[in-house]
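S.K.: One structure, as structure tokens, below. Some questions next.
The values are calculated or read from the model by the stated rules, or taken from the named source; none is laboratory data. These figures come from a predicted structure and were not determined experimentally. We place every Cβ from the backbone using ideal geometry, glycine too, and count neighbours over all the protein chains shown. For the accessible areas, the whole protein counts, side chains as well, though only heavy atoms, and no ligand, DNA or RNA atoms are used. Shrake-Rupley method; radii C 1.70, N 1.55, O 1.52, S 1.80 Å.
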Amino acid sequence: MTVPERLATRATVLPHDIYPVDPWAIVETGFHTEAVPLLETVLALGNGTLGVRGGFHTGSPAHQPGVLLNGFYETWPIDYPEAAYGLAATGQTIVFVPDPTVTRLTIDGEPIGFHHAQIHGWWRRLNLRRGLVTHRYQLITAAGVDVRLRVTRLVSVARPDILATRLQLVTDADAMVKIDSYLINRQDIDYRGTENAFDPRKARDFGRRVLNQTSLEIDDLRMVAGYQTASSRLNLGVGLDHVLNTQYEADPVFDEDRPHLRIRTEAKAGERVTVDKITSYKTGDLAADRAGESVDGARDVGLVTLADDHTRAWQRFWSLADITIESDPETQQALRWSIFQLNQASAQLHQAGIPAKGVTGQAYEGHIFWDTEIFVLPFLAHTRPAAAAGLLRHRYSMLDDARDRARVLSESGALFPWRTITGDEASAYYAAGTAQYHINSAIAYAIKQYVEITGDKDLLWDIGVEMLVETARLWSSLGFYNGDAFHIYEVTGPDEYTAMVDDNAYTNLMARMNLRYAAETVGLMKEERPQRWTDLVDRLELSEDELVEWRRNADDMLIPFDEELGITKQDASFLTKKPFPFEQVPDDKCPLLLHFHPLVIYRYQVLKQADVVMAMFLLPDDFSGDLRKANFDYYDPLTTGDSSLSACVQSIVAAKVGYSELAMKYFRRALWMDLGDLHGNTTDGVHVASAGGVWMAIVYGFAGMSHNGHGVRFDPRLPEEWDSVGFKVRIHGETLHVTLTHETLILNTDKETLTAELGEDEYEIGPDPVVIEFSV
């Protein structure tokens, strides 16, 4: 059985028994205990800085509930029983910060929970349009009191530090209500000493205390707590306050890991009791004081105003980022959920990157990878350019560490970390970590894409050109001449099932792009910003000879090719290996990385994810149409899709080579990656890069859009299942409206004129819609 055939046998439909089709929501219509782990991720909320998983207000049942802060981490020494020079020394892991979402209720002395046999009216809804999770249910107590509850939660995309919850209850008889409102240090209570099945993608268990409480103040309904991580010494402040619409009495409970308030009030029959709980998180100096000040201001503003500001921010986002699909409501729902995740991962980034799981889970230790530059930045550059610029500036903040890392590896220039939070390399397995030198070219590619999409040369001169120089220096230093060809040895490409190889095609092609773009940009800077060019040359000790050398290295770069098969070689040795015996591997032995030693996998022709195919997506002009098809035909059957980064790229390239049915299959796999739990690990957090890939699959794949620095080109291939697709993109500060049907491409801008190409024809696009007819 080939890999595509194997994938076709796996479920690729949404679990409608858990949530029905709704174009603007994910709705759970009944209590499904087995779905708790899945829905903690699916119903998670975030803003890029702060995230909360979709747990219950009762605190149970639960799988891994909690709150995460992007960039708030603990360090730990990486222990090598057999160490070697230059290996990463210090691990970094994002930690769960104290969780304020648990609010337990007691009615007339009876604890309220989901164990009640008479619980009914269950309805939990993630409102994608407004960024709210609302949970409603009804139950009858042992004393016969009918209780209706509604809990609404938000993580503000207007204010990066705010998490807010409103709990409302109505009883059909007078009742005494006790409310226990907690701030729980889950990192040291729930996630210390836990045993997990082997999975290198999951976060580590520290086996020791991580968060030490440094202060705690409780005054009436207000609580402010300070913490510090044990090893990284990062300071955290948490401020929370409550607002009730009834008379109450409150007693504080001081505790290191479970400080809480015991609030007593009376519910009158038929009258609503409302409890608003607002929490602020701050890090850095005077974190607790600042969190207290922030929560005071948020309380004074009120939850309704906070929610209104939050909703307006979501409306602004959707006004540009939404994609509409006619005649496929299931895809529309899943697509909006994916786009929703991209905003949740980036709306309020402040001096931070985007972790692989955003702020929805602790997997991959909260590290950032090349995911950001290749899979997420294109979406942001086309919808929220300022956020894309912020991500590039965050990378620039790591440049000095990258220079140091290059020196450790005896190279010139800079080598950015494969995985990191702080800027230091945190990958303990160098074969699939540091050896992925292509992280450098991913950053260069992102700079190039950003400038072409936005026209923002100020960023290029401020930070881009310096990163391009240092990444180019790395490639020129790393490679060498053997005869007339320039080679790069002992590297790992995107396919992590093939490691430490010579002349990986993807790496060499992207290095060539990096070298050429660096030389071109320095030359352009000399023309357009001569004084800044002089400053750059002096500061970096840059010579014209270096630029000549980069161009020569790029021109002489070996791109391995097999004449007999007529395909690009993945690397110098890949085609000499035996194909992997898929027919001997049952489905329960997938993904391969969890069941086979790396050396076993490395001996075969088998791909974790697209590699040559990835290069064809990013650098289409480097491949003829015939070569593109031949490469895809050879490598696609060998690609397991064990990486969540693969399906979206396979979809885009399949569409470009004319395999429309296969393109749609891979698109659906990427689209339902998390909602359908197709990799069996959605509970660990959202696959943010796959969500970005879904957006690219529509815009770059089915719509066939590309950019050339001046305008856009289209090569559309609308799936048969859809009647039309519509979206907007920002190009050089202007908004381009795109509507695609099977026979027409309709384009218009808001104000200014843009150039668009379709086939051999060029069109001037302005505010009046231009209808372009075509045939595929």
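S.K.: Which residue is farthest from K448 (Cα to Cα), if the candidates are limited to the range 627-657 and must be open to solvent by 50 Å² or more (accessible area, probe 1.4 Å) and in contact (Cβ under 8 Å) with a residue 40 or more places away in the chain? Spell out the reasoning first.
M.R.: So the first thing to find is which residues in the range 627-657 are open to solvent by 50 Å² or more (accessible area, probe 1.4 Å), and the list is 629, 633-634, 656.
Add one more test, that the residue is in contact (Cβ under 8 Å) with a residue 40 or more places away in the chain, and what stays is 634, 656.
Working: Y634: 30, K656: 22 Å.
Looking at the filtered set, the residue picked out is Y634.
S.K.: Quick one: is D190 at pLDDT below 95 and either within 30 Å of Q138 (Cα to Cα) or crowded, with 17+ Cβ neighbours inside 10 Å (or both)? Talk me through it step by step, then tell me what you get.
M.R.: Working: at pLDDT below 95: yes; either within 30 Å of Q138 (Cα to Cα) or crowded, with 17+ Cβ neighbours inside 10 Å (or both): yes.
So D190 passes the test.
S.K.: Regarding the range 467-483, can at least one residue be identified that is touching a strand residue (DSSP E or B) at 6+ places or on another chain (Cβ under 8 Å) and closer than 24 Å to G358 by Cα?
M.R.: Within the range 467-483, not a single residue is touching a strand residue (DSSP E or B) at 6+ places or on another chain (Cβ under 8 Å) and closer than 24 Å to G358 by Cα.
S.K.: Same structure again: In the range 762-776, how many are within 35 Å of the chain's Cα centre (by Cα), open to solvent by 60 Å² or more (accessible area, probe 1.4 Å) and farther than 19 Å from R717 by Cα?
M.R.: Counting residues in the range 762-776 that are within 35 Å of the chain's Cα centre (by Cα), open to solvent by 60 Å² or more (accessible area, probe 1.4 Å) and farther than 19 Å from R717 by Cα gives 2.
S.K.: In the range 49-86, what count of residues is obtained for those that are under 23 Å from the mean Cα position of the chain (by Cα), among the small types (G, A, S) and open to solvent by 10 Å² or more (accessible area, probe 1.4 Å)? Spell out how you get there, then give the answer.
M.R.: Pass one, the range 49-86, residues under 23 Å from the mean Cα position of the chain (by Cα): 49-55, 63-75.
In the following step, the residues that additionally are among the small types (G, A, S) were identified as 51, 54-55, 66, 71.
With open to solvent by 10 Å² or more (accessible area, probe 1.4 Å) added as a condition, the list becomes 55, 71.
Residues flagged as under 23 Å from the mean Cα position of the chain (by Cα), among the small types (G, A, S) and open to solvent by 10 Å² or more (accessible area, probe 1.4 Å) within the range 49-86 amount to 2.
S.K.: Can you go through A572, A554 and tell me which one is closer than 16 Å to A485 by Cα and either touching a Pro at 6+ places or on another chain (Cβ under 9 Å) or not hydrophobic (A, V, I, L, M, F, W, C) (or both)? Even if it seems obvious, please write down each step before you answer.
M.R.: On the way: A554 fails: either touching a Pro at 6+ places or on another chain (Cβ under 9 Å) or not hydrophobic (A, V, I, L, M, F, W, C) (or both).
That would be A572, the only listed residue that is closer than 16 Å to A485 by Cα and either touching a Pro at 6+ places or on another chain (Cβ under 9 Å) or not hydrophobic (A, V, I, L, M, F, W, C) (or both).
S.K.: Within the range 560-579, can you find the residues that are in contact (Cβ under 8 Å) with a residue 60 or more places away in the chain and under 12 Å from T498 (Cβ atoms)?
M.R.: Step one: of the range 560-579, the residues in contact (Cβ under 8 Å) with a residue 60 or more places away in the chain are 565-574.
Once the filter is applied, which keeps residues that are in contact (Cβ under 8 Å) with a residue 60 or more places away in the chain and under 12 Å from T498 (Cβ atoms), the range 560-579 yields K569, Q570, D571, A572, S573, F574.
S.K.: Could you tell me which of the residues V612, V548, V537 is under 30 Å from Y700 (Cβ atoms) and at pLDDT 95 or above?
M.R.: Working: V548 fails: under 30 Å from Y700 (Cβ atoms); V537 fails: under 30 Å from Y700 (Cβ atoms).
Testing whether each residue is under 30 Å from Y700 (Cβ atoms) and at pLDDT 95 or above leaves just V612.
S.K.: Considering R395, R407, which residue is farther than 21 Å from D371 by Cα and basic (K, R)?
M.R.: Values: R395 fails: farther than 21 Å from D371 by Cα.
Of R395, R407, the one residue that is farther than 21 Å from D371 by Cα and basic (K, R) is R407.
S.K.: Which numbered condition in (1) more than 27 Å from D328 (Cβ to Cβ); (2) open to solvent by 70 Å² or more (accessible area, probe 1.4 Å); (3) part of a strand (DSSP E or B) is the only one that R713 fails?
M.R.: Result: R713 passes all but (1).
S.K.: Might you check whether a residue that is free of Cβ contacts under 8 Å to residues at least 24 places away in the same chain, within 32 Å of the chain's Cα centre (by Cα) and open to solvent by 50 Å² or more (accessible area, probe 1.4 Å) occurs anywhere in the range 525-546?
M.R.: Within the range 525-546, the first condition is being free of Cβ contacts under 8 Å to residues at least 24 places away in the same chain, and the residues that meet it are 526-527, 530-531, 533-535, 537-539, 541, 543-545.
With the extra rule that they be within 32 Å of the chain's Cα centre (by Cα), the set shrinks to none.
No, the range 525-546 has no match at all.
S.K.: Also: Only one residue in S643, S651 is in a helix (DSSP H, G or I) and of a type in the set (S, T, N, Q). Which one? So that I can check it myself, show each step before the final result.
M.R.: Values: S643 fails: in a helix (DSSP H, G or I).
Of S643, S651, the one residue that is in a helix (DSSP H, G or I) and of a type in the set (S, T, N, Q) is S651.
S.K.: Under the condition of being open to solvent by less than 10 Å² (accessible area, probe 1.4 Å) and either of a type in the set (D, E) or under 28 Å from Y634 (Cα atoms) (or both), which residue from the range 673-690 is nearest to the chain's Cα centre (by Cα)?
M.R.: A689
S.K.: Here's a follow-up. From the list A670, A655, pick out the single residue that is closer than 28 Å to P65 by Cβ and in contact with a helix residue (DSSP H, G or I) (Cβ under 6 Å, 6 or more places away or on another chain). I'd like the intermediate steps shown before the answer.
M.R.: Values: A655 fails: closer than 28 Å to P65 by Cβ.
After ruling out the rest, the residue left standing is A670.
S.K.: Kindly check whether there is at least one residue in the range 575-598 that is over 30 Å from G680 (Cβ atoms) and modelled with pLDDT of 95 or more. Explain how you work it out, then say what you get.
M.R.: Here is the first cut: in the range 575-598, the ones over 30 Å from G680 (Cβ atoms) are 575-576.
Pick out the ones that are also modelled with pLDDT of 95 or more and you get 575-576.
Yes, because at least one residue in the range 575-598 is over 30 Å from G680 (Cβ atoms) and modelled with pLDDT of 95 or more.
S.K.: Can you name the condition, by its number, that T152 falls short on among (1) open to solvent by less than 10 Å² (accessible area, probe 1.4 Å); (2) over 24 Å from E256 (Cα atoms); (3) touching a helix residue (DSSP H, G or I) at 6+ places or on another chain (Cβ under 9 Å)?
M.R.: T152 satisfies all of (1) open to solvent by less than 10 Å² (accessible area, probe 1.4 Å); (2) over 24 Å from E256 (Cα atoms); (3) touching a helix residue (DSSP H, G or I) at 6+ places or on another chain (Cβ under 9 Å) except (1).
S.K.: Across the range 701-710, what is the total count of residues that are open to solvent by 10 Å² or more (accessible area, probe 1.4 Å) and at pLDDT 95 or above?
M.R.: Restricting attention to the range 701-710, the residues satisfying the condition of being open to solvent by 10 Å² or more (accessible area, probe 1.4 Å) are 706-710.
Cutting the leftovers down to at pLDDT 95 or above gives us 706.
Result for the range 701-710: 1.
S.K.: Restricting the search to the range 401-426, which residues are touching a residue at least 60 places away in the same chain (Cβ under 8 Å), among the hydroxyl-bearing types (S, T, Y) and surrounded by fewer than 22 Cβ atoms within 10 Å (Cβ to Cβ)?
M.R.: Hits for the range 401-426 are S412, T422.
S.K.: Next up: Across the range 575-593, what is the total count of residues that are open to solvent by 50 Å² or more (accessible area, probe 1.4 Å) and farther than 24 Å from G483 by Cα? Even if it seems obvious, please write down each step before you answer.
M.R.: So the first thing to find is which residues in the range 575-593 are open to solvent by 50 Å² or more (accessible area, probe 1.4 Å), and the list is 576, 578-579, 583-584, 586-589.
Still in the running and farther than 24 Å from G483 by Cα: 578-579, 583-584, 586-589.
The qualifying residues number 8.
S.K.: I'd like the residue in the range 658-672 that is open to solvent by 10 Å² or more (accessible area, probe 1.4 Å) and small (G, A, S) and, out of all such residues, is farthest from P719 (Cα to Cα).
M.R.: Top of the filtered list is G658.
S.K.: Just to be sure before I move on: is E720 among the charged types (D, E, K, R) and over 22 Å from I453 (Cβ atoms) in the structure I sent?
M.R.: Details: among the charged types (D, E, K, R): yes; over 22 Å from I453 (Cβ atoms): yes.
Criteria met by E720.
S.K.: When the range 270-299 is examined, which residues are found to be touching a helix residue (DSSP H, G or I) at 6+ places or on another chain (Cβ under 9 Å) and hydrophobic (A, V, I, L, M, F, W, C)?
M.R.: Within the range 270-299, I278, A298 meet the criteria.
S.K.: Which members of the range 260-290 meet the condition of being touching an Asp or Glu at 6+ places or on another chain (Cβ under 6 Å), among the aliphatic types (A, V, I, L, M) and either modelled with pLDDT under 95 or open to solvent by 20 Å² or more (accessible area, probe 1.4 Å) (or both)?
M.R.: Correct list: A269 only.
S.K.: Count, please, the residues in the range 237-259 that happen to be touching a Pro at 6+ places or on another chain (Cβ under 8 Å) and surrounded by 15 or more Cβ atoms within 10 Å (Cβ to Cβ).
M.R.: From the range 237-259, those touching a Pro at 6+ places or on another chain (Cβ under 8 Å) are 238, 240, 252-253, 259; that's our starting set.
Going one step further and asking which of them are surrounded by 15 or more Cβ atoms within 10 Å (Cβ to Cβ), we end up with 238, 240, 252, 259.
Number satisfying all stated conditions: 4.
S.K.: Show the residue pairs meeting these rules: Cβ distance below 8 Å; 6+ apart or different chains; first residue within the range 488-510 and within 13 Å of K569 (Cα to Cα) and assigned to a helix (DSSP H, G or I); second residue open to solvent by 10 Å² or more (accessible area, probe 1.4 Å) and hydroxyl-bearing (S, T, Y).
M.R.: T507/Y437
S.K.: If a residue has to be aliphatic (A, V, I, L, M), over 27 Å from G423 (Cβ atoms) and in contact (Cβ under 8 Å) with a residue 60 or more places away in the chain to count, how many in the range 27-51 make the cut?
M.R.: At the first step, the residues of the range 27-51 found to be aliphatic (A, V, I, L, M) are 27, 35-36, 38-39, 42-45, 50.
Keeping just the survivors that are over 27 Å from G423 (Cβ atoms) gives 27, 35-36, 38-39, 42-43, 45.
Now narrow it down to the ones that are in contact (Cβ under 8 Å) with a residue 60 or more places away in the chain: 27, 38-39, 42-43, 45.
Residues meeting the conditions: 6.
S.K.: Filter the range 717-774 for residues that are touching an Asp or Glu at 6+ places or on another chain (Cβ under 9 Å), in a strand (DSSP E or B) and farther than 25 Å from L380 by Cβ and give the result.
M.R.: T744, L758, Y763, V770, I772, E773
S.K.: Would the range 678-690 turn up any residue that is of a type in the set (G, A, S), out of contact with any Ser or Thr (no Cβ under 6 Å at 6 or more places or on another chain) and more than 30 Å from L594 (Cβ to Cβ)? Quick ask: steps written out before the conclusion?
M.R.: Quick first cut of the range 678-690, residues of a type in the set (G, A, S) only: 680, 685, 689-690.
Keeping just the survivors that are out of contact with any Ser or Thr (no Cβ under 6 Å at 6 or more places or on another chain) gives 680, 689.
Next, only the ones that are more than 30 Å from L594 (Cβ to Cβ) stay: none.
No, that holds for no residue.
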